[in-house]
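None of the figures in this text is laboratory data; all of them are computed from the coordinates on show. Because the structure is predicted, anything quoted here is derived from the model rather than measured. Note that we place each Cβ from the backbone using ideal geometry, even for glycine, and neighbour counts take in every protein chain shown.
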Amino acid sequence: MKRLLPFLSLFLLFSVSAPVRAQETFREVWIADRLSVGLGFGIASLTDNHRRADKESGYTYVGFVNALEDEHAAFFVPEMAWWAARNLRLLLSFDHVEGHTRNYNNHRSDGTVRLRGPLFEAQCIFPMLGDTLFPRVGVGAAWEMAKFRSETWWKLGWYSEEEYEANAQPGKAKSGHFREIRVDDVLAWSLSAGVSWRPTPRVQLDATLRHVWAEPKCEYGEYKEKTGYRREFGGKFWLDHLTAIVSASYVF
């Protein structure tokens, strides 16, 4: 038995230390100096926000809506990036844009259309200055989840907010009539350029300019007491937008 003790000791030592070495190796190979997690601040602005005032020919976005105005343009941007190779970085980020509608017939707004969702991007990196400065370009895609927030008076069938306040109790529809605009979720495409700077090995600062092409389909419909919901006509919101982002990340 005494002869077996040295072998048992070596076996136990290997059993305890092997997982630790394997874990350290995995971190060194796949995580160390490759993975970063951060938070940024972005400002988005629509780049295609006007259509011809011609509902009958279908040149508007939908119905009488022919203009979009930036709304809630600023937002926080969570980011996680992984360096797959020296010149290739994969980024998981977030996109957000809102457009406040404007009608050409009465110069009023029906509500606000919003897109938001995760964005994945592959970036080509050009290391400079001893791997402290990293200019880059990227291409990607975003799954944009859409929502239309209707103005209350418009949703309840009134001509204007003034008419609604003067003639209605809160929540009361005009003649049992409700309006609605539905917007479809959409797959959008992105192109970006920017630069990353590492003042220390664990701190990274990023500046990014990103353009997203997003054109979700939509439809206008009405609810009536006798017939329920009925689709009146369709359309499309052109919500292409340019976003400027500054962020700070921790590099593992």
- Query: If you keep only loop residues by DSSP, which trypsin sites (Lys or Arg not before Pro) in region 135-215 have at most 16 other Cβ atoms within 10 Å of their Cβ?
  - Reply: Lys172, Arg202
- Task: Treat each spin label as a single point 7 Å out from the Cα along the C-beta direction, and report the Asp48 to Met80 distance in nm.
- Result: 3.2
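Given only helices, namely DSSP H runs of n ≥ 4 each adding -39500 (n - 2.57), what is the per-residue ellipticity at 222 nm of the chain, to the nearest 500 deg cm²/dmol?
Result for the chain, helices only: -4000 deg cm²/dmol.
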- Can you pull the Rg over Rh of region 112-252, Cα-only, Kirkwood? 1.22
- State the Kirkwood hydrodynamic radius of region 199-252 in Å, one decimal place, computed from all pairs of distinct Cα atoms. 15.4
- Once the piece of chain linking Glu165 and Phe252 is laid out straight, how much longer is it, given 0.36 nm per residue of separation minus the C-alpha distance between them? 25.6 nm
- Just grab the label-to-label distance for His211 and Phe126, each label 7 Å out from Cα along the Cβ direction, in nm (one decimal). 1.8
- Task: Using the Karplus curve 6.51 cos²θ - 1.76 cosθ + 1.60 with θ = phi - 60°, work out ³J(HN,Hα) for each residue of region 175-187 in order, rounded to whole Hz, and write x for Gly and Pro.
- Result: 6, x, 10, 10, 10, 7, 10, 9, 10, 7, 4, 8, 8
- Task: Could you run the Karplus curve 6.51 cos²θ - 1.76 cosθ + 1.60 with θ = phi - 60° over region 94-105 and give me ³J(HN,Hα) per residue in whole Hz, x for Gly and Pro?
- Result: 9, 10, 7, 7, 9, x, 8, 6, 9, 9, 7, 7
- Message: To test your reading of the geometry: what angle, between 0 and 90 degrees and rounded to tens, separates the Cα axis of helix 5-26 from the longest principal axis of the chain?
- Response: 30
- Message: From Cα pairs below 8 angstrom and at least 6 apart in sequence, can you work out the relative contact order of region 156-252, rounded to a whole percent?
- Response: 27
